[in-house]
Amino acid sequence: MPYGSKTPKQFESDLDHLLKHLNPIGLDTLYDCISNKKVIPENAFIITFDDGLRQVYENAMPILLRKGVPAIFFINTSVIDNQDLLFRYKSSLIVEQVLSFQKSGKSLDAAMAVLKQNNATFDGNIVFAVMKISYKQSTILDSLASVLDLSWVDYLAKEKPYMTGAQLQDLKAKGFYLGGHTVHHPELWKLSNEEAVSETYRSAKFMMDTYGLPFSSFAFPFTDVQIKNQFFEGVQQAGGIDLMFGSQKLKKDIQPNTLQRFDGDNSLIEMDVYIKALLAFQWVNKLRGKTIFTRS
Ligand SMILES: [Zn+2]
């Protein structure tokens, strides 16, 4: 989400800091290392962007291009060409609208009624209740939009929050990498294994087939902390994904083709400070013998 994200200036300064100490590698190099069991070059880093936001294409991509830094863009396939809004994006827009209604003294009774109808434990805290709505309940968000004068169609047409297929083609032509990030950005751990595998595999396969990619890759939406080995078996049975990326920071994954990442997009923390903190944390984990991320 764009909230609390870094400005292009902050991003460029982070990138300069990384380039001072580390060497960027492409996804093909990483794939070659993983699939052929080679050692990943020392001090290598790889930048990834999730959710396929237009702002990233417009603001971050030119900086990456200018500095010659490769990057991967993980895309939710349902929102390419602004055909839909991801459910958490809808939640954020509803919260914004609720706050603006509160500010201007407009009635929120209709929104309250929708929430009461769908949530037996609703206690009157609209913002909290909206942020708790899961992907599976996302029709509630659509009902809320209609009583709060919000139109997703109008928003998509006016704001165009996501990249178009043509922009994705352009990224590929410029040498960037593309991968899947599920179809709809659901909380995978709240779905049945079959649904979770389908959301995952379909997105990676769609990106590979549509953009003519030599191998498939995927990044977990939200977190992969509750993703079980059974899920990886399901993906393998569906046809497999060559490289997967989780969010367990510096830990090593028990799954052989899964790598972990850390989130560098907090506008309040500079990259060098954050990396130092992560390395200190890693050192503590090493002492505790907890550098491997295991799954049940
Ligand atoms: Zn995401």
Being surrounded by 19 or more Cβ atoms within 10 Å (Cβ to Cβ) and either assigned by TED's automatic domain parsing to the domain that holds Phe231 or closer than 18 Å to Val79 by Cβ (or both) narrows it down to one of Leu148, Leu156, Leu178, so name that one.
Leu178
Do any residues in the stretch 199-228 that are on the phi > 0 side of the Ramachandran plot have Cβ atoms under 7 Å from those of residues that are within 13 Å of the ligand (Cβ to nearest atom), where the two are at least six apart or on different chains, and which pairs are they?
Phe222/Glu187
Limited to the stretch 1-18, what total is found for residues that are assigned to a loop (DSSP other than H, G, I, E, B) and either of a type outside the set (D, E, K, R) or at pLDDT 85 or above (or both)?
6
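Go through the stretch 75-109 and give me each residue that's among the aliphatic types (A, V, I, L, M) and loosely packed, with under 15 Cβ neighbours inside 10 Å. If you could, list the steps in order and put the result at the bottom.
Filtering the stretch 75-109 down to residues among the aliphatic types (A, V, I, L, M) leaves 75, 79-80, 85-86, 93-95, 98-99, 108.
Selection gives Leu99 alone.
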Gly52 versus (1) away from the ligand (no atom under 16 Å from the Cβ); (2) surrounded by 16 or more Cβ atoms within 10 Å (Cβ to Cβ); (3) modelled with pLDDT of 90 or more: which is the lone unmet condition?
(1)
Give all pairs with beta carbons closer than 8 Å in which a residue from the stretch 19-35 that is over 16 Å from Phe245 (Cβ atoms) and in a strand (DSSP E or B) meets a residue that is polar (S, T, N, Q) and modelled with pLDDT under 90; count only pairs at least 6 apart in sequence or on separate chains.
Asn23/Asn43
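Every residue, every condition in (1) touching a residue at least 60 places away in the same chain (Cβ under 8 Å); (2) within 16 Å of the ligand (Cβ to nearest atom); (3) in the same structural domain as Tyr177 (by TED's automatic domain parsing); (4) outside any loop (DSSP other than H, G, I, E, B), yes or no:
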| position | (1), (2), (3), (4) |
| --- | --- |
| Lys38 | no, no, yes, no |
| Thr48 | yes, yes, yes, yes |
| Glu58 | no, no, yes, yes |
| Met61 | yes, no, yes, yes |
| Leu64 | yes, no, yes, yes |
| Ile72 | yes, yes, yes, yes |
| Ile80 | yes, yes, yes, yes |
Count of residues meeting criterion [within 16 Å of Ser216 (Cβ to Cβ) and not hydroxyl-bearing (Ser, Thr, Tyr)] in the stretch 24-45
6
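The values are calculated or read from the model by the stated rules, or taken from the named source; none is laboratory data. Keep in mind it's a predicted model, so treat the numbers as computed, not measured. Cβ sites come from the backbone with ideal geometry, for glycine too, and all protein chains shown count toward neighbours.
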